[in-house]
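Nothing in this text is a laboratory measurement; each read-out follows from the coordinates by a stated rule. Since the structure is predicted, the reported quantities are computational estimates derived from the model, not experimental observations. Every residue, glycine among them, receives a Cβ derived from its backbone with ideal geometry; neighbour counts consider all protein chains shown.
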Amino acid sequence: MAEDLIPRVERQSGTVDPRLLEILVCPLTKTRLSFDPVRQELVSRAARLAFPVRDGIPIMLADEARPLDDDE
């Protein structure tokens with residue numbers, strides 16, 4: 001099935017397909033992202049933003065991102 005070819009965040013396990021992290025970059029800085037499994041967010045340290053993952057789909061809009069705290 002074609003859907004199986006699309007890397008995604010696995011909702012059941014709360015993990016991210018490593019291929020997804022190779023493909024996605026921060027929309028603002030074009031730098032790599034890391035995945036926070038506890039908060040279900042893709043984190044851009046360069047932009048100091050965390051992009052939410054909803055229903056297994058990364059929301060890569062700056063307006064939807066959460067600013068990182070100083071200790072994050």
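Taken over segment 56-72, the residue count meeting the criterion of being of a type in the set (Gly, Ala, Ser) and part of a strand (DSSP E or B) is 0.
Scanning segment 58-71 for residues that are of a type outside the set (Gly, Ala, Ser), within 13 Å of Leu42 (Cβ to Cβ) and free of Cβ contacts under 8 Å to residues at least 40 places away in the same chain gives Ile59, Met60, Leu61, Glu64, Arg66, Leu68. Of all residues in segment 24-55, those satisfying the criterion of being β-branched (Val, Ile, Thr) and under 11 Å from the mean Cα position of the chain (by Cα) are Val25, Val43, Val53.
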